[in-house]
Amino acid sequence: MTPQPFKGWPLFSLLAVFILIMSALAVALQPDLIEGLRSAIRATARSSFVLFLTAFTASAFAVLIPSPVTKALVRERRFIGLAFAFSHAVHAVLIYAYGQLNTGFWPMRSLIDNTPGTVAYGFILLMAITSFKGPAQLLGAKAWKTLHTTGLWIIVAVFAYANFKRIPMSAWYILPFGMVCAAVAIRLVGKLAQANKRRQQPARAAA
Ligand code: HEM
């Protein structure tokens, strides 16, 4: 059987290669290495954003607009989530490199500045590890659900905050902030629709 590029690990690999090429280009296209790293940090934040929102809204879209595309997104949610974790790992490596070259970076940041991002990174790591069968079984279904649901809401909140705090720097950040708000609304409406569907099923079966 030939592997399909838009499924499973081949899909993850394709996204990972795209993220690495994008990051290398973002660094290479700036005349200054420090500015190049900053630009790549922003680029990976944006690739992470798109991948995260896709995984975050996948099941809601599949309920609200059932189609082969939305069903495929639900099926591939795990690999899109892992590609998000990969993109954010690259974000972290670039931040580390940026901090090494720009020695004023870490001293300029307070504990409060670093807390939301650090907590989100902790959840990203735990969610990525427990997306594999063995660690998931060790954790148990109930704790797995609590970890992944809490993590999703913490990450979405960090994206909302990271974009919101940049609005005074550029009005363009209203766009990603609005996208986060829309994604939250879509997810909640999707959950309501799913609950409604479940309630109607036993009634229909009884009739
Ligand atoms: C302690 C951990 C983190 C540090 C030190 C950090 C650092 C940075 C830096 C230096 C930038 C570029 C700033 C600029 O030049 O404008 C940036 C951008 C950004 N980061 Fe992170 N980050 C962290 C974690 C996270 C996490 C966990 C998320 C999301 C879940 C995130 C989302 C973003 C976003 C949305 C941007 C703006 C991208 C844009 O300009 O469109 N960051 N971060």
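The values are calculated or read from the model by the stated rules, or taken from the named source; none is laboratory data. The structure presented is a predicted model; accordingly, all values stated were derived computationally and were not measured. Neighbour counts run over all protein chains shown; Cβ positions are idealised from the backbone, glycine included. Surface areas here come from the heavy atoms of the whole protein model, side chains and all, with no ligands, DNA or RNA. Shrake-Rupley method; radii C 1.70, N 1.55, O 1.52, S 1.80 Å.
Got a number for carbon plus sulfur as a percent of segment 92-167's accessible area, 1.4 Å probe?
74
Given the pairs 7/165; 145/165; 142/165; 145/197; 165/197, which are separated by over 28 angstrom at their Cα positions?
In this structure, 7/165; 145/165; 142/165; 165/197 lie more than 28 Å apart at Cα.
Towards the positive end of the charge dipole of the chain, with charges on Cβ (+1 Lys, Arg; -1 Asp, Glu), say which of 131, 162, 24 has the farthest Cα.
Projecting each Cα onto the dipole axis, the largest value belongs to 131.
Compute, for the chain, the length of the dipole vector about the Cα centre, with Cβ point charges of +1 (Lys, Arg) and -1 (Asp, Glu) only. Units Debye, rounded to 20.
1060
Using the charge dipole of segment 96-201 (Lys, Arg: +1 at Cβ; Asp, Glu: -1 at Cβ; taken about the Cα centre), state which of 121, 183, 104 has its Cα farthest towards the positive end.
Positive-most Cα among the choices belongs to 183.
What is segment 135-207 by shape, rounded, prolate or oblate, if you read a ≥ b ≥ c off the alpha carbon gyration tensor as root eigenvalues and call it rounded for a/c under 1.5, prolate for a/b larger than b/c, and oblate otherwise?
Taking the square roots of the gyration eigenvalues as a ≥ b ≥ c, segment 135-207 is oblate.
When the scattering of segment 8-206 is computed by the Debye formula from its Cα atoms alone, each counted once and equally, what is log10 I(q)/I(0) at q = 0.09, 0.12, 0.13 Å⁻¹?
Scattering profile of segment 8-206, log10 relative to I(0): -0.40, -0.69, -0.80.
Suppose we take every Cα in segment 150-192 and form the convex hull; what volume per residue is that in Å³?
47
What do you get for the angle between helix 77-101 and the principal long axis of the chain? Use alpha-carbon atoms, 0 to 90 degrees, nearest ten.
Roughly 10 degrees between the two axes.
Quantify how much of the Cα-Cα distance distribution of segment 47-123 extends past 13 Å, in percent.
Of all Cα-Cα pairs in segment 47-123, 72 percent lie more than 13 Å apart.
When ligands, DNA and RNA are left out and all protein chains stay put, how many square angstrom of accessible area per residue does the chain have with a 1.4 Å probe?
Values: 12780 Å² over 207 residues.
On a per-residue basis, the chain sits at 62 Å².
Please report the net charge: other residues with Cβ closer than 15 Å to the Cβ of residue 106, K and R +1, D and E -1.
Net charge in that neighbourhood comes out at +1.
Helix 174-206: angle to the longest alpha-carbon principal axis of the chain, degrees 0 to 90, nearest 10?
Around 20 degrees separate the two axes.
How large is the charge dipole for segment 94-206, taken about the Cα centre, if only the Cβ atoms of Lys, Arg (+1) and Asp, Glu (-1) carry charge, to the nearest 20 debye? Mind dumping the intermediate values first?
On the way: 12 positive and 1 negative charges, 144 e Å.
For this selection, approximately 700 debye.
Sorted by packing (mean other beta-carbon atoms within 10 Å per residue), highest first, where do 67-75, 17-25, 132-140, 42-50 land?
42-50, 17-25, 67-75, 132-140
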